[in-house]
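The values are calculated or read from the model by the stated rules, or taken from the named source; none is laboratory data. Everything numeric in this text was worked out from a predicted model, so none of it was measured. Note: ideal-geometry Cβ built from the backbone for every residue, glycine included; neighbour counts use all protein chains shown.
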Amino acid sequence: MAGEITSSEYIQHHLTNWTYGKHPDGHWGFAHSAQEATEMGFWAIHVDSMLWSIFLGSLFLLIFRKASKNMTSGVPSGLQNFVEWIVDFVNENVRGSFSAKNDLIAPMALTIFVWVFLMNLMDLVPVDWIPHLAGIIGHAVFGVDPHHVYFKIVPTTDPNITFGMAFAIFALMLYYGIKIKGPGGFFGELAFQPFGKWGMPANLLLEGISLISKPVSLALRLFGNLYAGEMIFILIALLYSGGIVWGTIGGFLQLGWAIFHILIILLQAFIFMVLTIVYLDMAHQEHH
């Protein structure tokens with residue numbers, strides 16, 4: 001694909017989501033260019049991100065359900081060993097970071113860690129394979145120009161996905177903050193800390209910014225790291241159109257970056273999980 005279009009068009013194609021939304025003339029449909037996707041505005045749906053995130057979430061549930069159904073007290077299978085190791089790892093982090101009592105936290109932390117890891121893991125699939133296949137199918141079935149078929153496969157490179165997860169966690173922070181401390185206690189923390197009642201305007205400003213920054217930083221950290229990783233893979237893929245020498249160099253660079261990127265996708269899933277636990281622990285703490 002890189003040899004048929006310019007480098008900038010190739011990069012833009014790989015960074016554009018398969019988008020469904022309302023066109024300027026009022027009808028609803030799929031975007032056939034990056035410009036059309038942009039014109040659809042806020043209410044457009046990134047279909048590829050939704051499909052892959054739902055598929056990977058379902059895959060997580062199926063794998064863990066299979067492990068639980070086949071669990072034995074005797075010699076465990078490889079899958080049971082693997083699942084038990086992940087569960088123990090998550091439980092240790094919950095015990096170390098969450099001091100209150102809430103049976104929701106450990107299952108939620110497990111879901112976040114595995115789901116985010118699986119979404120990040122898609123970044124290791126060569127950048128041309130699935131989008132190129134989608135282009136072939138789109139051309140064969142619908143007669144669409146392959147260059148106008150967009151199909152991103154890494155949900156965490158889409159800020160809609162990372163902000164969606166972060167805002168869900170933010171909603172839980174607000175819910176438990178108000179439930180545990182009461183409305184008066186919750187809003188009292190915002191109004192009277194850290195400078196007391198006489199510093200209320202400054203308190204509201206500082207605590208309000210601190211509260212809102214939590215989901216924003218949570219979403220942007222995950223998105224930024226995975227987006228940068230995807231961009232590097234795309235830039236390396238451009239070398240394959242430069243002949244045998246550059247293609248060989250690109251192959252080594254891609255292998256090296258993929259090996260290093262394994263650490264990034266694991267680390268970002270871990271950070272997202274740990275920060276979620278910490279933020280919810282803070283929501284459970286009462287300050288007098």
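A few notes on this one:
- The set of residues in the stretch 86-109 being surrounded by 21 or more Cβ atoms within 10 Å (Cβ to Cβ) and either touching a Leu at 6+ places or on another chain (Cβ under 7 Å) or without any contact (Cβ under 8 Å) to a residue 60 or more places away in the chain (or both) consists of Val90, Ile105.
- Of the set (1) farther than 26 Å from Ile265 by Cα; (2) in contact (Cβ under 8 Å) with a residue 12 or more places away in the chain, all apply to Gly138 but (2).
- Checking each residue in the stretch 239-253 for being out of contact with any Ser or Thr (no Cβ under 9 Å at 6 or more places or on another chain) and touching a residue at least 60 places away in the same chain (Cβ under 8 Å) picks out only Tyr240.
- Number of the exception - Val141 against (1) more than 17 Å from Thr19 (Cβ to Cβ); (2) modelled with pLDDT of 90 or more; (3) among the aliphatic types (A, V, I, L, M): (2)
- Taking first residues from the stretch 192-203 that are at negative phi and partners that are polar (S, T, N, Q) and part of a helix (DSSP H, G or I), the Cβ contacts under 8 Å between residues at least 6 apart in sequence or on separate chains come to Phe192/Asn203; Gln193/Asn203; Pro194/Asn203; Phe195/Asn203.
- Of all the residues in the stretch 97-120, those that are farther than 17 Å from Met165 by Cβ, at pLDDT 95 or above and of a type in the set (S, T, N, Q) number 0.
- Selection count, the stretch 53-69, where residues are under 14 Å from Leu110 (Cα atoms) and among the basic types (Lys, Arg): 1
- The stretch 1-46, residues that are polar (S, T, N, Q), part of a loop (DSSP other than H, G, I, E, B) and in contact (Cβ under 8 Å) with a residue 24 or more places away in the chain: Thr16, Asn17, Ser33
- Considering the stretch 205-230, and only residues there that are farther than 11 Å from Ala166 by Cβ and charged (D, E, K, R), the residue that is modelled with the lowest pLDDT turns out to be Glu207.
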